[in-house]
Every structure is written in C-alpha cells, then in structure tokens.
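Report on the structure given below.
Bear in mind these aren't lab numbers, they're just calculated from the coordinates by the rules spelled out. Just so we're clear, the structure is a prediction, and the values are computed from it rather than from any experiment.
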Amino acid sequence: MADTLKQIYSATALGGTELDDGEHTLLTTNSTTSFVIKDMLVNGSSSLKNTFLAINDFNTSDVTANATGSLIVPPSSTLKIKTTDYPFSFIEQKDMMGTSNNNTVMSKVFLNPDGSELSGSSELGYTQTSTPNNTEVVDVEIGTSSLDNKEYVFHAKHDMNSSQVLAAVENGSDGHSNTNYNVSSGSYDPFAFGYNSTYGKIAVQLNGQSLRYWPLDSSYNTPAGNLSPVTPTNFGNGNRVNGSYNQTQSSYPYMVGNHNFIWYWRGSSYTGEMWAINLENGQDFFCNLGQNASPHYNFNVGSDANHMVVSYRPSDDRFIVWWASNGSTIRWFVISETATQMRAVNQTSHSTITKHESGTFSVPMNSMMTSYRNSNVLGFDINGNLIYHNSGNGLTVVDTDGNQVGSNIPSTRTFAGASHSDDGRMNTRRFKRLTAAEAASNNLSAPTFGIQLLGIEVTT
C-alpha cells in the first residue's frame, strides 16, 4: 500500500458550462485507488445555496466555505459536484409608481436567486412632469436607442374601456426635453411589455388577430418618428401562424405582460374565458373559466377598480391568475398545466389549458386603492403571492387564502437613491425570473467559483 500527499483536484472557474445540467464529475477511482480529502478550499461560492460535493450521488458537504476533515472517496467511486443553483436564475424586481407631480417612476433591481441585491445592477426610469394621463399608465418599461444610447421610458396606458396608448418620454436621468411621444394608439387593442430571445425587449399589441411588436432597444431617433411595429408571419420561433389569434374586442379588454407571456381578457362579451400567448414562440392558450375546478368565476375587469395580473409559483411550477372584482374582493385560479409544460407547446393551433384550483377572498388590509383608473394595478412577489395597493397608500402581500404575508411595503420608497411617494396612482411591485437571454441582455452572468481539494491518495 502506498500513500501520497497530493492535490486531488483543482479548478479556478467552475460555472454554468460545467453545472447547468446539475452536476460535474471531479474524479473517479478504480478498484485499487481511494482518496482521503483533508482540506477543501473554495472561493467565489458565497451566492450558492444548494451546491454540494457528492460521493456516489450522496451529498457530503456544501461548497460555500473552506472545510477541513477526513472525507473518504472509496475505490470504484465517483466524486461530483451536484447542484440546483444552476442554471443560475437571476431575479428582476420591478417597482412602478405614479406620483403627485405627474411623474411615472420605475425602478428595476436585479437579485441573486437567494434574494440578495446585485451591486450596481439597478435601473431607474422617470418621466419628471411629462406623462399625460398619468392616472391611466398601467405598465412601464425602459428602452434604449442604439443610435445615441439615449434611454426612453415607455408607458402603456389604458382608459379601462376603448382607448389604449403606447407612449414614451426621454428618461429623466438624461436631462431630457420632457417631450411625450405617442408611439401608437389602439382601439380595444391593449399594449403590454415582454421579452423574446429573437426580438429582445419589446412592447406588444394584439392588433386584430395578429400579434405585433415594437423593439424597444433598437435604432431610432425618437420613438414617435422612427420606431415602427413589426408583424411577423410567425411570432418568434413558433409554428403558430400569426393572424389566427382570437382578438380583443368589444368594451373593456385587458392585457398584461407577465413572465414573457401576454394574458388577456377579450372584453365584456367574453367573461367566461381567458387567453394567453407565449412571447417566445407565439403559442396561444385558451382557458374556459366555467370548466374544471370549482368555484367558477367569470372575469370582471372592465372598470377602474378591476385589474388582473398573473404570478408564478415556483413551488409547483404553476401560474396563478388574479383579478380584483371590486375594491375589496380578489378572485384567483391556478392553471393546471405547469409553466414548463406550457412553454414546451409549439403547434399550429391553439392549446387548451384548465383550472387546477380557484378561490376568492376579501382583502385583509384596508380596501384596495380605487382613486384613479390605474390605482389598483396588481403585482406579485417571487413566491407567487399577490401584491395589491391598499387604501392606506402602501402595498400588501397576500396568499391564495387571503392571509397577509410579511409586513406592508411602504408607500414612500427609494428609487436609485431618490425618495418617491405614492399619491393614489399606480403603485405596484412585480418579480420575474430572468431567462438566460434576458440575463445576458442585462449584462448579468452566472457566477463562477474555484475549488481545490488536498489530501492523500491511497493505492493498493
């Protein structure tokens, strides 16, 4: 028998390339060789929560800190790193607020999977005093002209009936001219924001039976004069022919862009149905609200107090559709098909989805804010819970049982170092797990870490 003190393994930059499939083999032993690992030295792994050394697929030690001991790797064994931290999923926290100065303010903060903030990763957009119909803004996004790298704050407006507008103003941080550009208008055709790996960051509109988009990060002098819509034959990488969708029509249509889907209610004549379109491949989905899980609730989002939103619940990989049916009542249903299943559908016809469970509750904190058309725009947290704007000017988080989750989010918040206060207009917070393409577009890359194993090689 021979014992040799040696460096058993060393790597300085392990990351997604090695671990996106969930594991990476460090070494294997034959029938005559074993190792005793005495020291594990690691660096750059503090953001990892579920990454381990594993012997024969049994986890033995996490890799978040240096360790000393005697870890035996027996003959005919495999030593791996196993992980659920990869593929690394960054989180976007998006706050939107309308203020008494007729500002529309948006803040984006990017987070690690554990919720810790990434230093220097935040974005701020604000329109100063140049947002006409500030009480109708229901969603906000930042775009950048590639001609001069100037940022614009895009805002989708909805009068909760027949009139919808996509508009933009130079970002206040650019010392702009306060000119508000009307990019496009719609009649019963709402606007929403999303992301597609082919088109990038986009504003989308269901225009008749076709889905069209505006590339927000693209070449233009001003959004009004040079930013034109594109109506592709097939949206993204999909097989569904564009122009075959069931359009929004009649009074009170409503559409939101959440999790790179658009979710929409066609109008007051279609209270028993909901539609969704995957922005990655254009696949559309239909849900009959009168089928499957009971109780059955028709949509009623056609007034100032009634808005909808869709959250994502990671615990079971499902979407939850929420809507306010008045100033005090929330209704919801969970989609049976998982998000993974929905994203995998790519066919020439629409796909049917069903309800898994549904319910209703009265809000636990005050009533919902209903002062303006956009004051009850809804949000959600990273766990799939609902965030509503309460009449005390704060934000309250609730679960599907109507129980409050944690403390209220205050009505006055700091956006990139500046304090802004809610004045009864739009005030919400939403979270999204970024795709790899979205992370790359925001210059976010998965962390790499180094590991060195020192110990004794034993041969017989």
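Relative contact order of the chain, please, whole-number percent, based on alpha carbon pairs below 8 angstrom and at least 6 residues apart.
Answer for the chain is 18 percent.
Please count, across segment 91-441, the pairs of lysine residues with Cα atoms under 22 Å apart that sit 8 or more places apart or on different chains. Lysine pairs meeting the criterion: 13. Note on segment 144-207: Cα Rg divided by 2.2 N^0.38 Å, N the number of residues, gives 1.21. Helices in the chain, meaning DSSP H runs of at least 4 residues, each add -39500 (n - 2.57). Divided by all residues, the mean residue ellipticity at 222 nm is -1000 deg cm²/dmol. Principal axis extents of the C-alpha atoms in segment 2-55 (largest first, rounded to whole Å): 39, 21, 17.
Global size of segment 1-153: 24.5, 83 Å for Rg and Dmax (C-alpha atoms, Rg to one decimal, Dmax whole). P(r) tail, segment 258-381: Cα-Cα pairs separated by more than 22 Å, 34% of all pairs.
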